[in-house]
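What follows is one structure encoded as structure tokens, with my remarks underneath.
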2 protein chains.
Amino acid sequence: MIGMMPSHLDELITALRCLPGVGPKSAQRMAYHLLQRDRAGAQHLAQSLERAMASIKHCSKCNNFSEQEVCALCASPKRDAGLLCVVEMPADLLMMEQTQCYRGMYFVLMGRLSPLDGIGARELHFDRLVKRVQEHSCEVILATNFTVEGDATAHYLATLLQSQGVKVSRIARGLPVGGELEQVDSGTLAQAMLERREVLA
Amino acid sequence: MIGMMPSHLDELITALRCLPGVGPKSAQRMAYHLLQRDRAGAQHLAQSLERAMASIKHCSKCNNFSEQEVCALCASPKRDAGLLCVVEMPADLLMMEQTQCYRGMYFVLMGRLSPLDGIGARELHFDRLVKRVQEHSCEVILATNFTVEGDATAHYLATLLQSQGVKVSRIARGLPVGGELEQVDSGTLAQAMLERREVLA
């Protein structure tokens with residue numbers, strides 16, 4: 001068996017397993033695919049990996065990925081520094097921006113509290129978040145996901161920040177726009193009932 | 001929105017989509033994972049891709065991946081040049097070698113006939129296989145998979161090679177070793193019945 005599989009192929013298959021969700025079988029399939037059908041794509045991927053790892057750091061203000069010390073959004077004078085929206089991932093920030101209804105700043109946790117995976121307050125840089133809020137006093141809007149872990153993260157952060165006298169709110173839960181009662185899951189409906197808002201005449 | 005996502009991050013997410021089975025969402029997840037948790041793995045992957053693409057070619061005899069013009073297996077004087085086993089993929093060759101019951105040569109198709117994907121006789125280098133068989137007259141054993149496409153490939157190859165006067169056989173279908181009639185699927189059982197062998201006293 002020795003020497004039958006080229007050693008650089010073996011090495012590539014092992015290296016591909018650093019990608020999340022890629023086991024031995026898919027790593028092999030990927031390596032074969034690249035070697036046989038997409039060598040140009042593989043070269044491009046190698047260069048993109050090198051370039052991204054060399055150039056992408058975290059923004060010192062919002063913790064989002066950035067090629068600058070302070071990202072374009074944090075550097076913009078058009079944003080309202082009195083509002084700080086906390087999201088889990090960069091993709092959440094992009095979603096929020098797409099709504100075009102928020103003009104404040106962000107803090108990207110790059111994760112959520114997940115004790116089983118060893119991700120706690122330290123890994124998510126809660127200290128930097130608290131320092132940021134203390135320095136420029138602002139209102140914090142928690143926009144973590146409405147999952148068990150997102151809820152726990154929001155709860156922890158709310159307790160932490162309120163103990164410092166910071167005004168904290170959380171984005172609303174309820175029926176989606178255009179949603180019908182018949183279609184929605186009962187958990188969401190129950191929550192919408194609990195969090196009902198007074199109708200102002 | 002412009003300038004909010006670092007351009008090298010965008011580029012990396014696009015580049016990751018050259019991997020089979022990776023769509024926009026998983027590409028994003030992979031990029032975030034590498035940037036946040038496994039920068040060393042990403043560097044190693046980049047180098048492995050470069051090295052593999054630069055060094056791995058196809059063996060001129062068996063068409064398997066190889067770093068030499070002729071791979072170690074084809075170059076070995078211990079193999080029986082009178083037998084040529086045709087398999088679909090390098091992984092199939094490895095499985096066959098693990099049985100330690102075959103000492104002949106191989107030809108790796110690197111695929112199977114699949115007209116819908118544009119993979120025909122030309123893409124699988126059937127001409128090189130025929131030339132090889134004509135040059136050193138040998139018996140051909142077809143060991144493509146017992147799938148619809150593998151069966152079609154075997155049928156096509158058998159017709160092609162037999163028209164050249166080559167002796168062609170196919171590996172047997174039937175119950176697995178240790179298999180029980182009650183457990184096996186009816187297709188396999190029917191095939192085992194059809195392909196029954198005379199018991200020699």
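The values are calculated or read from the model by the stated rules, or taken from the named source; none is laboratory data. All values derive from a computational prediction rather than experimental measurement. With ideal geometry, Cβ positions are generated from the backbone for all residues, glycine too; neighbour counts draw on all protein chains shown. Calculation scope for accessible area: heavy atoms of the full protein, side chains included, ligands and nucleic acids excluded. Shrake-Rupley method; radii C 1.70, N 1.55, O 1.52, S 1.80 Å.
To one decimal in nm, how far is B:ALA152 from the same spot in the other copies, if labels go 7 Å from Cα toward Cβ? Please give the shortest first.
Ordered by increasing distance: 5.0 nm.
How well do other chains shield peptide A:18-27, expressed as the mean number of their Cβ atoms within 10 Å of each residue Cβ?
5
For region B:96-199, what relative contact order do you get, as a whole percent, if you take Cα pairs closer than 8 Å and at least 6 residues apart?
19
Taking Rh as the Kirkwood radius, which is the inverse of the mean 1/r over Cα pairs, what is the Rg/Rh value for region A:21-80?
Ratio value, two decimals: 1.24.
Roughly how crowded by other chains is peptide A:139-152, in terms of the mean Cβ count from those chains within 10 Å of each of its Cβ atoms?
Per residue, the number of nearby Cβ atoms from other chains is 0 on average.
Send over a whole-number figure in Å² for the accessible area per residue of the protein assembly as shown, probe 1.4 Å.
56
Divide, for the protein assembly as shown, the radius of gyration over alpha carbons by 2.2 N^0.38 Å, where N is the residue count.
Compared with the compact-globule rule of thumb, the protein assembly as shown sits at 1.38.
Seen from all sides and averaged, what is the projected area of the convex hull of the Cα atoms in region B:65-170, in nm²?
In nm², the orientation-averaged hull projection of region B:65-170 is 6.8.
Using a 1.4 angstrom probe with every protein chain in place, what is the largest-first accessible-area order of A:ILE13, A:ILE171, A:ILE56?
A:ILE171, A:ILE13, A:ILE56
Which residue, A:GLY21, A:GLY187, A:GLY165, has the most motion in a Gaussian network model of chain A that connects Cα atoms within less than 10 Å?
Highest fluctuation of the listed residues: A:GLY21.
Normalised by the residues of chain A, what does the relative contact order come to in percent, with Cα pairs under 8 Å and at least six apart?
13
What percentage of the solvent-accessible surface of region B:7-55, computed with a 1.4 Å probe over protein heavy atoms, is contributed by carbon and sulfur atoms?
After summing per-atom areas, the C and S share lands at 51 percent.
Just to be sure I understand: of the beta bridges DSSP finds with both ends in the protein assembly as shown, what percent are antiparallel, rounded to 5?
Beta bridges within the protein assembly as shown, antiparallel portion: roughly 20 percent.
When the Cα centres of region A:163-188 and region B:1-40 are compared, how far apart do they sit, in Å?
Spelled out, the Cα-based centre of one part sits 30 Å from the other.
Could you tell me which residue out of A:MET53, B:VAL130, A:GLN134 lies farthest along the dipole of the protein assembly as shown toward its positive end? Charges go on the beta carbon: Lys and Arg +1, Asp and Glu -1, centred on the Cα centre.
The one lying farthest along the dipole's positive direction is A:MET53.
Using C-alpha positions alone, give me the convex hull volume of region A:86-145 per residue in cubic angstrom.
77
What do you reckon, how do B:ARG39, A:ARG196 stack up by accessible area (1.4 Å probe), largest on top?
A:ARG196, B:ARG39
Ignoring everything except DSSP H segments at least 4 long, calculate the 222 nm mean residue ellipticity for chain B; use -39,500 (n - 2.57) per segment, divide by total residues, nearest 500.
-13500 deg cm²/dmol
I'd like the interface area for chains B and A: accessible area of each alone minus the complex, both sides summed, 1.4 Å probe, protein heavy atoms only. What is it in Å² to the nearest 100?
The buried area between B and A, both sides summed, comes to about 5600 Å².
How many Cβ atoms of partner chains, on average, are near each residue of A:55-68 if near means within 10 Å of its Cβ?
3
Which value, to two decimals, describes the C-alpha radius of gyration of region B:7-55 once divided by 2.2 N^0.38 Å?
That ratio works out to 1.15.
Pick from B:THR144, B:THR159, B:THR14 the residue whose mean-square fluctuation is largest in a GNM of chain B, springs joining Cα atoms under 10 Å.
Among B:THR144, B:THR159, B:THR14, the largest mean-square fluctuation in the Gaussian network model of chain B belongs to B:THR14.
Could you tell me the distance between the Cα centroids of region A:53-94 and region A:135-155, to the nearest Å?
16
Treating chain A as a set of equal point scatterers at the Cα positions, no solvent, please give the Debye-formula log₁₀ I(q)/I(0) at q = 0.07, 0.10, 0.11 Å⁻¹.
Ignoring solvent entirely, the Cα scatterers give -0.34, -0.63, -0.73.
Taking the Cα centre of chain B as origin, work out the dipole magnitude from +1 charges on Lys and Arg Cβ and -1 charges on Asp and Glu Cβ, in debye rounded to 20.
380
Going by average Cβ neighbours within 10 Å, how do the peptides A:59-67, B:127-135 rank, with the highest at the top?
Order by mean packing, descending: A:59-67, B:127-135.
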